[in-house]
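See structure below.
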Amino acid sequence: MAELIQPVKGMNDVLADQSPWWDRLEAVATALFTGYGYQRIRLPVLERTELFKRSIGELTDIVSKEMFTFDDYGDSLTLRPEGTAGAVRAALSNGLLHNQQQKLWLAGPMFRREKPQKARYRQFHQMSVEALGFAEAEIDAELIAMSARLWRELGISSAKLELNSIGTSESRQAYKQVLVEHFSRHRELLDDESLKRLERNPLRILDSKNPALRELIDAAPLLSAYIDDESRAHFERVQTLLGDIGVPFTLNPRLVRGLDYYSRTVFEWVTDQLGAQSAICSGGRYDGLVAQLGGRDTPAVGWALGIERVVELLQAEGIGAAEQTPDVALVAAGDAERRFAFKLAEQLREQLPGLKLSIGGPAAGFKSQLRRADKSGARFALIVGEAEREAGKVSLKPLREDRPQQLLTIDECVDVLRQTR
């Protein structure tokens, strides 16, 4: 017997029993994004490596350690580790920003060479929304309001919003120097990861989850004391707008984003239902990214959510999945009856669009098919025995109500099913 081929570690199958939660999230999000005027784009998973080096930053962990990169006849290509850089690249290479503003969204797999662990996968999935060409604080607030509405429509209650402003790159440079001085005075307390961040990007030390560093991090100067006046006014406007529409938030002066392209408003939605991996949605403003990638100075803001984490949260909060049970299960007695049932099924699908109808497996016996029909959760069983086939009719058996079975013509069956939907 041939040896079974196992999946690549950290690249997981999403099986049929899990897919309904994915379907629920995707359906609610698609309708919501459309309602806010965001249009879907679909991007390749492979991009030139230079795109991520220039956008995310060569010294970030993602670029230096986590990307799947390979040589393709002299070109360095990378499986995308996130979606924003690709969205901006697509807008630039397709001329979407010539005197235009764009509201876009995308969804799909992302790839990072991480050690697989709970809620962290080497292939994971994100949804993101990107507003390109908008400088106003109203768009920051709109994007945050849209994410708040997404949680409400999904039924998620544990998500909490944290906000901060990290100012412009110029104001951050001054703050980074202050951080370097602060942490350098206590190098003996820093772990190996924080020592690396001290050299590359000291802001990331503020993200450390090492409890031994908590006191040292809490003692660090606050970024808010160093941001420029324009960024401060922008952030105050965002807070006012969120207050006007009743979106609660907590100011988190230690919140920074790990990607180099962020500026001004940054935010995270966190939950206490998923253990250490508390963030389910993160975003912020990235006003310098378009110019970094060869375009004109263009303001922009967006956010991304992790689909696996949101699905896990839906399950943790006991929120039901998208309805997958069939409306009708079709049961046929023998070969001639199965042929009749096959034709009948297509007639019913034609006349009742959206009807969820399943047909029992041909190898299963009649009683076994009936048991499976009941177990499927279907509301009705449509039974085709020899008598039904010869009469050109079908028996409609209610499976969830104590009502008698009916022998009906095809047209009568269509009418009954239409009335019960």
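The values are calculated or read from the model by the stated rules, or taken from the named source; none is laboratory data. Everything numeric in this text was worked out from a predicted model, so none of it was measured. With ideal geometry, Cβ positions are generated from the backbone for all residues, glycine too; neighbour counts draw on all protein chains shown. Note: accessible area is taken over every heavy atom of the protein model, side chains too, but ligands, DNA and RNA are not part of it. Shrake-Rupley method; radii C 1.70, N 1.55, O 1.52, S 1.80 Å.
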Carbon and sulfur %, accessible surface of the chain computed with the full protein complex present, 1.4 Å: 50 percent
Rounded to the nearest 0.05, what FRET efficiency do Ala387 and Asp415 have when you use their Cβ-Cβ distance and R0 = 35 Å? 0.95
Would you mind computing, in nm to one decimal, how far apart the modelled labels at Gln406 and Thr250 are, each placed 7 Å from Cα along Cα→Cβ? 5.7 nm
Given all pairs of distinct Cα atoms, the range 300-344 yields a Kirkwood Rh in Å of 14.9 Å
Exposure of Asp13 as accessible area (Å², to 10), given a probe of 1.4 Å and all protein chains: 120 Å²
From the residues Ser263, Ser19, Tyr286, which one has its Cα farthest along the dipole of the chain in the positive direction, the dipole being from +1 and -1 charges on Cβ of Lys/Arg and Asp/Glu about the Cα centre? Ser19
Taking the Cβ-Cβ separation of Gln351 and Ala31 as r and a Förster radius of 25 Å, what is the calculated FRET efficiency to the nearest 0.05? 0.40
Using alpha-carbon coordinates, inclination of helix 229-244 to the longest axis of the chain, degrees: 30 degrees
Of all DSSP beta bridges in the chain, what percent run antiparallel (nearest 5)? 80 percent
Distance between Cα centroids, the range 194-237 to the range 402-421: provide it in whole Å. 66 Å
Taking a straight Cα-to-Cα line shorter than 21 Å from Lys115, and setting aside same-chain lysines fewer than 8 residues away, one finds Lys9, Lys65, Lys196, Lys209
Assuming a ≥ b ≥ c are the square roots of the Cα gyration tensor eigenvalues, decide whether the range 332-421 counts as rounded (a/c under 1.5), prolate (otherwise, with a/b larger than b/c) or oblate. rounded
How large is the helix-only mean residue ellipticity at 222 nm for the chain, computed as the sum of -39500 (n - 2.57) over DSSP H runs with n ≥ 4, divided by its residue count, in deg cm²/dmol to the nearest 500? -11000 deg cm²/dmol
Here the gain from full extension of Phe70 to Ala135, 0.36 nm per residue of separation minus their alpha-carbon distance, amounts to 19.7 nm
Pull up the cross-link candidates among the lysines for Lys393, meaning alpha carbon to alpha carbon under 23 Å and not fewer than 8 places away within one chain. Lys343, Lys356, Lys367
Options Leu417, Gly365, Leu314, ranked by Cα towards positive dipole end of the range 290-420, top entry (Cβ charges): Gly365
If you bin the C-alpha pair distances of the range 181-249 every 10 Å from 0, what whole percents do you get? 17, 36, 24, 20, 2
Enter the accessible area per residue of the range 188-341 (Å², integer; probe 1.4 Å; all protein chains in place). 45 Å²
Residue-normalised value, i.e. accessible area per residue, for the range 371-421 at 1.4 Å probe, in Å², stands at 61 Å²
Cβ under 10 Å from Leu408's Cβ, Leu408 left aside: what net charge do those residues give with Lys, Arg +1 and Asp, Glu -1? -3
Contact order relative to length for the range 174-276, counting C-alpha pairs under 8 Å separated by 6 or more residues, stands in percent at 27 percent
Classify the range 109-241: rounded, prolate or oblate, from the alpha-carbon gyration tensor (a ≥ b ≥ c, eigenvalue square roots; a/c under 1.5 rounded; otherwise prolate if a/b is larger than b/c)? oblate
Once the dipole of the chain is set up from charges on Cβ (+1 Lys and Arg, -1 Asp and Glu), the residue from the list Ala381, Val129, Ser76 lying farthest towards its positive end is Ala381
Where only alpha carbons of the range 103-175 are counted, the Rg and the Dmax (Å): 16.1, 43
Report the relative contact order of the chain, percent, no decimals, based on alpha-carbon pairs under 8 angstrom and at least 6 residues apart. 15 percent
Taking the Cα centre of the range 1-43 as origin and charging only Cβ (+1 Lys, Arg; -1 Asp, Glu), how large is the dipole, in debye to the nearest 20? 280 debye
Could you pull out which residues in the range 360-400 have an amide N less than 16 Å from a spot 7 Å beyond the Cα of Asp335, following the Cα-Cβ vector? 362-365, 386
Percent relative contact order for the range 216-355, counting Cα pairs under 8 Å at least six residues apart, stands at 13 percent
For Glu386 the rounded accessible area (nearest 10 Å², probe 1.4 Å, non-protein molecules ignored) is 110 Å²
Expected unfolding gain across Ala279-Glu215 under the 0.36 nm per residue rule, minus the alpha-carbon gap, is 20.8 nm
Roughly how big is the chain's charge dipole about its Cα centre, with Cβ charges of +1 (Lys, Arg) and -1 (Asp, Glu), in debye to the nearest 20? 660 debye
Based on Cβ point charges of +1 for Lys and Arg and -1 for Asp and Glu, what charge dipole magnitude is obtained for the range 213-335 about its Cα centre, in debye rounded to the nearest 20? 440 debye
Would the range 1-68 count as rounded, prolate or oblate if I go by the C-alpha gyration tensor, calling it rounded below 1.5 in a/c and otherwise prolate when a/b exceeds b/c, oblate otherwise? oblate
Gain in length, Arg371 to Met11, computed as 0.36 nm per residue apart minus the alpha-carbon separation, to one decimal in nm? 126.0 nm
